[in-house]
1. Given the Cα-Cα distance of ASP521 and GLN452 and 0.36 nm per residue of separation, how much length would full extension add, in nm?
2. Which of the peptides 350-363, 130-143 is most tightly packed, and how do the rest follow, judged by the mean count of other Cβ atoms within 10 Å per residue?
3. Heavy atoms only, probe 1.4 Å: what % of the accessible area of the chain goes to carbon and sulfur, would you let me know?
4. Any idea how far apart ASP399 and MET177 come out in nm if each label point goes 7 Å out from Cα toward Cβ?
5. To the nearest Å, what is the center-to-center distance of segment 178-218 and segment 112-175, using C-alpha atoms only?
6. Hey, got a sec? Which chymotrypsin sites (Phe, Trp or Tyr not before Pro) in segment 494-549 land in a DSSP loop and have at most 16 other Cβ atoms within 10 Å?
7. Out of the GluC sites (Glu not before Pro) in segment 137-211, which ones are loop residues according to DSSP with at most 10 other C-beta atoms within 10 Å?
8. Quick one: which residues, 5+ away or cross-chain, put their amide H under 5 Å from the amide H of LYS312? H built at 1.01 Å from N.
Amino acid sequence: KLNTTLEKHKRKRRGTQCWWVAISFSLMLSCAERVSAQIKYSIPEEVKVGSVVGNVAKDLGLDISLLEERRFRIVSGAEDAQFEVNPNNGLLQVHGKIDREELCENISPCLINLKMVADNPMEIHHVGVEIIDINDNSPTFPDDEKVLEIYESTLSGKRFQLPAAHDADVVSNTVRMYKLNNNDHFSLQIRDRGEDKIPFLVLQKPLDREKENEHKLILTAIDGGNPPRSGTLNVTVIVLDSNDNHPFFSEEVYSVKIPENVERHRSVIVIKANDLDEGVNGEIEYFFGSELDPKVHDTFELDSITGEIRVKGNVDFEETELYRLDLQASDKGQPPLKTESRVMIKIKDVNDNKPDIEVTSLSSLIPEDSKPGTVIALISVVDKDSGVNGKVICKVSQDVPFDLTPSLEENMYSLVTKGRLDRETVSRYEITITATDCGEPQLSTVKTLSVQVSDVNDNTPVFSQNPFELYLIENNTPGAEIFSVSAVDDDLNENAAITYKILRGDGLQDAITSFLNVNSDNGQITALKSFDFETLKTFQFQVVASDSGTPSLSSNVTVNVFILDQNDNAPVILCFGNENKIPSWQPRLSLEIKHAVHFTI
Ligand SMILES: *[C@@H]1O[C@H](CO)[C@@H](O)[C@H](O)[C@H]1NC(C)=O
Ligand SMILES: *[C@@H]1O[C@H](CO)[C@@H](O)[C@H](O)[C@H]1NC(C)=O
């Protein structure tokens, strides 16, 4: 029990001049004797057992020969029996291990006060022993490792406190300095906080997580002993990400080619941007640029997460051959950093357009006498597709007297006459023009052109027979119609409009024909006088039929007239109309004759 009390007491000791003594076994609590030591020794700690501190008996002036008899002894102050006094020679000697750090911790100087007693007569002496510190402890850090997290954006000059090392030794043997291993980014600064020295890391050069995300440092604490002792602390600096890197695209400009008419949702390209930063600072979203043609929005869509561009609307080469998509990649840092790129989408032509035939008719009426090679229309062929899909071959149906001749200009043709035309044979043509492109598959367009052949005065009037024979009974009624001629003309209109006239001869012929008249419109011939069989039995005349074309064409017919005899005085009524044949006048005449006979009687 005494021991534990003393132990407790030892821990409470303060200062060097005073201590408390508790004597518990006599129930008497003796207290507070402030006594100055009469003699003071000093020894280093950790000296060998048996080492001599000093000749205490001699120094106190005691008779060495009586020491045993007087029971010279230590009564207090050396609880753990670090010291003993030799009764034979009065030497104060080290009896056990003396550890200054155990006895005094950081109290300096470390003084042990021994109370020594001799009997007969009783004497009490106070002897002080100072325990001199030796450098038997190294500086130590509270932990094996220190981890610091520092943002890469931290400005140079910023300080970071490190744990201080502790050294159980005192005065010059305790921590005197710190050292930091050679490194690129940090220096060491020591600040005095009272008796303690606190090490700080000072950032000298900005950190870059993307280059080095961790820095291993070694802090060394060195004490002032001779030789010095040291302890180390591993310092790990973890560099935290700041949004200091822009996203970057794998390509400055992306190029891709797709055919037109591709199906919706078809993938066009996947763009990719990277960002060296970490976490949200490196998470990328994709957007269309703000100045984008609205047509692009209608045609393509962009997945903001995956960077995939897909077809959304109608892709038509004929409308747009090349799309320019400005894009942006943005990270999710605060504030976000952005980068631009561009995607060029070239559209490949597909043969999806038929050729277009455009006809410029010079005239819808072609004179039948047009020379072969006469241009009647201009044909232009257009195909919206490109390349071979535009290239067009144009043809005309074989069964018509027309052909196409290419012109100097590409895809321009002249539609020309190939042979002679004859309105009287074919007055109207349906010309079929076929334009076929060279795409795959081939597409063609058919166009029909109507051509009317116009009349030219190339036909003369034609009489149904030539010559005519007219049998005319004498004594015809003057002014009555005796005959009629008719001609036809294959042409049209004026070219077929016939007028008749009697060709007037000369001499005797002229004298006879002067009695005849012809209706110019219908060819009815009248005789202005009565013919007399006895005077004139036969004669001929010509009727000319002329059309009204310019120039006019005409033909003539000869009419041979035979005057038939008649009995005199017989009443004769002749009415032969237009028949060309000899009428059956004979029986009739005989009837008349019969009558005439009867009349004569
Ligand atoms: C300290 O770092 C060194 C290498 O730099 C290593 O060998 C040692 O094990 C580390 N100590 C601790 C406690 O991590
Ligand atoms: C009548 O026609 C014939 C041919 O049919 C021609 O030779 C003749 O000259 C014509 N006569 C007149 C007077 O035109």
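1. Values: separation 69, 0.36 × 69 = 24.84 nm, distance 2.96 nm.
My answer for the length gained is 21.9 nm.
2. Numbers: 350-363: 16.4, 130-143: 18.2.
Packing proxy ranking, top to bottom: 130-143, 350-363.
3. On the way: 17050 of 34060 Å².
The C+S portion of the solvent-accessible surface of the chain is 50 percent.
4. With each label point 7 Å from Cα toward Cβ, the separation is 11.8 nm.
5. First find each Cα centre; the distance between them is then 24 Å.
6. Details: sites: TYR500, PHE515, PHE531, PHE533, PHE539, PHE541; in loops: PHE515, PHE531, PHE533.
Listed in order of number, the matching sites are PHE515, PHE533.
7. Values: sites: GLU145, GLU149, GLU152, GLU195, GLU210; in loops: GLU152, GLU195, GLU210.
Here the sparse-neighbourhood loop sites are GLU195.
8. Excluding prolines and chain starts, which carry no amide H, the hits are HIS265, PHE300, GLU301.
The values are calculated or read from the model by the stated rules, or taken from the named source; none is laboratory data. Quick caveat: nothing in here was measured; it's all calculated off a predicted structure. Don't worry about glycine lacking a Cβ; one is built from the backbone with ideal geometry, like all the others, and counts go over all protein chains shown. Accessible surface is based on the protein model in full, side chains and every heavy atom, while ligands, DNA and RNA are left aside. Shrake-Rupley method; radii C 1.70, N 1.55, O 1.52, S 1.80 Å.
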